[in-house]
Amino acid sequence: MRVYIPTTLAGLAEAYKAGVVGPVPLDAYAVTPSLREWYVSDDIEELEYAALNRAAQASLRLLAVHPEVPRRRVVIAVDVADGAVRHDPDRGLDPASLGEVRLAREVPLTAAAAVHVDADDAEPDVRAAAGALGAADAGDDDAQFTVDGAEDHELLWYATQEIPHLIG
């Protein structure tokens, strides 16, 4: 099963150094029954793209609580056994948790299929979005517009061999 783990560039550097993505439990995103129902599609690529975008939103939340890290969203796409993934079907009814899954074990970085990262030119919008997230959550429409500005940027795809270049 393809699972999308939200992180930051600092988190990616830690995973690269340790050789594993952790610590556990790991919150991640995948194509769950509730995501399928919400997205209303049978196209697995579209569904995986939706799960990737959910993970990108979670990465933005990590950036909001870690102001010291570079303002670029990061998602690690990993392939794990279906049994390694847990999801709560009752939470799947909550729109905020669509596609949310949990991994109880660290994931070897060798299980990564790719890394998705914002381009450098997305940093101003991602910085603004991370700063506006709290107000957007409280219902501020202007702040939500700012958060949506980060989502206008597509995450770039990188092969795992490019991780050293990404973390500098």
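The values are calculated or read from the model by the stated rules, or taken from the named source; none is laboratory data. The structure presented is a predicted model; accordingly, all values stated were derived computationally and were not measured. Cβ: placed from backbone, ideal geometry, glycine included. Neighbour counts: every protein chain shown.
Couple of notes before you dig in:
- Selection within segment 16-45 - of a type in the set (Gly, Ala, Ser) and under 22 Å from ASP82 (Cα atoms): GLY19, GLY22, ALA28, ALA30, SER34, SER41
- For LEU98, the test of being in contact with a helix residue (DSSP H, G or I) (Cβ under 7 Å, 6 or more places away or on another chain) and not polar (S, T, N, Q) is passed.
- Residues of segment 29-52 satisfying the condition of being in contact (Cβ under 8 Å) with a residue 60 or more places away in the chain and either in contact with a Gly (Cβ under 9 Å, 6 or more places away or on another chain) or of a type in the set (Asp, Glu) (or both): TYR29, ALA30, VAL31, THR32, SER34, LEU35, TRP38
- Test: residue in segment 37-44 that is out of contact with any helix residue (DSSP H, G or I) (no Cβ under 7 Å at 6 or more places or on another chain) and closer than 29 Å to PRO124 by Cβ: no
- Counted residues, segment 72-111 - those being at pLDDT 90 or above and not in a loop (DSSP other than H, G, I, E, B): 15
- Number of positions in segment 26-68 that are part of a helix (DSSP H, G or I) and farther than 17 Å from ALA10 by Cβ: 19
- Here TYR49 clears all of (1) touching a helix residue (DSSP H, G or I) at 6+ places or on another chain (Cβ under 7 Å); (2) among the hydroxyl-bearing types (Ser, Thr, Tyr); (3) under 30 Å from ALA143 (Cβ atoms) except the condition numbered (1).
- Listed by first and then second residue, the pairs with beta-carbon distance under 7 Å, at least 6 apart or on different chains, first residue in segment 126-151 and among the small types (Gly, Ala, Ser), second at pLDDT below 95 and surrounded by fewer than 17 Cβ atoms within 10 Å (Cβ to Cβ), are ALA128/GLY149; ALA129/GLY149.
- Pairing residues of segment 70-81 that are crowded, with 21+ Cβ neighbours inside 10 Å with residues that are part of a loop (DSSP other than H, G, I, E, B), at Cβ distances under 7 Å and at least 6 apart in sequence or on separate chains, gives ARG72/ASP118; ARG73/ASP118; ARG73/LEU155; VAL74/THR8; VAL75/LEU155.
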